[in-house]
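Read through the structure below, which is laid out as structure tokens, and then see the notes.
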Amino acid sequence: MSLNCPGEASPHNHVDKVAAAIGPLLGDPPDLLVVQGDTSSALGGARAAALAGVPLAHVEAGLRTGDPALPWPEEAYRIEIDALAGLLFAPTDISAGNLRDEGVPGDVHVTGNTGIDALLAVAADLPGSWVRERTLPLLLVTCHRRENWGAGIQSIATALGVLAAEGIAELEIVVPPNAHVATALRDQLGGCPNLTLLEPCDHRLLVQRMRDCDLVLSDSGGMQEEAPALGVPLLVLRDKTERPEGIATGNMRLVGTCAETIVAEVRRLLADPIAYVAMARPAFPYGDGRAAPRIATIIAEWLVTRSTPRP
């Protein structure tokens with residue numbers, strides 16, 4: 001399967017380049033190599049560790065949709081990394097259960113996600129909530145997932161254009177740096193009323209925008225963790241998610257990329273205060289903000305055990 005746009009290198013090529021670049025750095029082998037998430041860089045690091053015989057730890061292990069195409073290629077990347085890792089730090093009981101069901105050989109620990117640690121640290125340092133005077137609810141939108149490129153992005157843009165034209169909300173869309181996605185969004189939505197196309201921003205500013213908006217529409221994995229913690233309702237622009245915990249808490253709903261479905265769900269939430277409030281209660285299904293010290297403690301204990309001579 002390939003979802004590459006013309007002229008773009010395959011993500012698998014990047015995996016090989018990362019592995020080749022990291023390999024020489026492991027000549028004087030470290031005691032442990034740690035990778036995080038499901039990126040091609042993480043898999044490249046994991047493969048380099050395996051080739052060098054260096055123990056591997058995976059932060060954010062065990063996330064699964066059960067569908068190798070959604071997300072692609074990240075689902076396959078996670079599975080391979082988890083099979084190579086000796087220490088697996090699962091954010092939730094569900095992700096830990098996925099690992100145990102697969103029979104991974106490494107040690108599984110439920111720690112929460114370090115992304116929530118980062119979110120709470122950033123949110124605590126933000127200035128007080130500032131909401132400019134407006135007569136319409138504010139929707140914040142991001143979309144970048146590879147499986148949504150092409151028809152998916154076009155359908156999402158169609159829905160956003162309808163919502164803006166109806167005048168039921170003000171929309172702010174963070175345009176990703178990927179040229180294929182950015183061009184599609186600008187071509188379809190440039191000049192629409194009640195709609196602003198924003199340049200990419202850093203994490204701090206994105207968190208502030210999430211906190212101060214009324215509703216988020218996104219296909220981002222990280223925002224599926226952050227929106228519940230901020231108490232901002234989230235409509236997920238994907239058909240499947242490897243983060244089902246936010247659905248269970250009621251903070252997010254899967255709406256896919258069908259324009260009619262997206263428009264209907266936004267209309268429903270904006271017209272039903274009871275349904276909106278039910279999704280706007282802060283929840284922490286992905287951790288309590290103390291994942292990093294838990295992981296550090298487990299690694300420290302593992303290093304001590306590894307260095308202790310056997311009797």
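Readers should treat all values here as calculations from the given coordinates under stated rules, not as data from a laboratory. Just so we're clear, the structure is a prediction, and the values are computed from it rather than from any experiment. Every residue, glycine among them, receives a Cβ derived from its backbone with ideal geometry; neighbour counts consider all protein chains shown.
Only Cα pairs under 8 Å and 6+ residues apart enter the sum, and on that basis the relative contact order of region 124-279 stands at 25 percent.
Please report the base-10 log of the normalised intensity I(q)/I(0) for region 244-311, using a Debye sum with one equal scatterer per alpha carbon and no solvent, at each q in 0.11, 0.17, 0.20, 0.28 (1/Å). Evaluating at q = 0.11, 0.17, 0.20, 0.28 Å⁻¹ gives log10 I(q)/I(0) of -0.51, -0.76, -0.89, -1.18. When the alpha carbon gyration tensor of region 124-279 is reduced to an equivalent ellipsoid, its three semi-axes come out at 21, 18, 17 angstrom, largest first. Per-residue extension of 0.36 nm, minus the Cα-Cα distance of D212 and T261, leaves a gain of 15.2 nm for this segment.
Karplus-based coupling profile of region 82-90, in residue order and whole Hz: 5, 6, 8, 7, x, 10, 10, 9, 8, with θ = phi - 60° in 6.51 cos²θ - 1.76 cosθ + 1.60 and x standing for Gly or Pro. With a Förster radius of 35 Å applied to the beta-carbon distance between E172 and D16, the computed FRET efficiency rounds to 0.40.
Each label point is 7 Å from the Cα along the Cα-to-Cβ direction; what then is the distance between the points at R281 and D101, in nm? The answer from the label model is 2.7 nm. Computed from label points 7 Å out along Cα-Cβ, the spacing between T249 and E301 is 2.5 nm. Calculated mean residue ellipticity at 222 nm for the chain: -14000 deg cm²/dmol, from DSSP H runs with n ≥ 4 weighted as -39500 (n - 2.57), summed, divided by the residue count and rounded to 500. Note on the chain: Rg/Rh from Cα positions, Kirkwood definition for Rh, rounded to two decimals, is 1.00. Amide H contacts of L198: I173, V174, V175, each under 5 Å away and 5 or more positions distant or on a separate chain (H built 1.01 Å from N in the peptide plane; Pro and chain starts excluded).
By the count of other C-beta atoms within 10 Å, a proxy for reagent exposure, Y276, Y286 are ordered fewest to most as Y276, Y286. Based on alpha carbons, the Rg and Dmax found for region 188-262 are 13.0, 38 Å.
Relative contact order of the chain: 16 percent, from C-alpha pairs under 8 Å at least 6 residues apart in sequence. With the simple model of a label 7 Å out from the Cα in the direction of the Cβ, Q188 to T135 spans 2.8 nm. Among E80, E166, the order by Cβ neighbours within 10 angstrom, fewest to most, reads E166, E80. The slack between D28 and L198, meaning 0.36 nm per residue of separation minus the straight C-alpha distance, is 56.7 nm.
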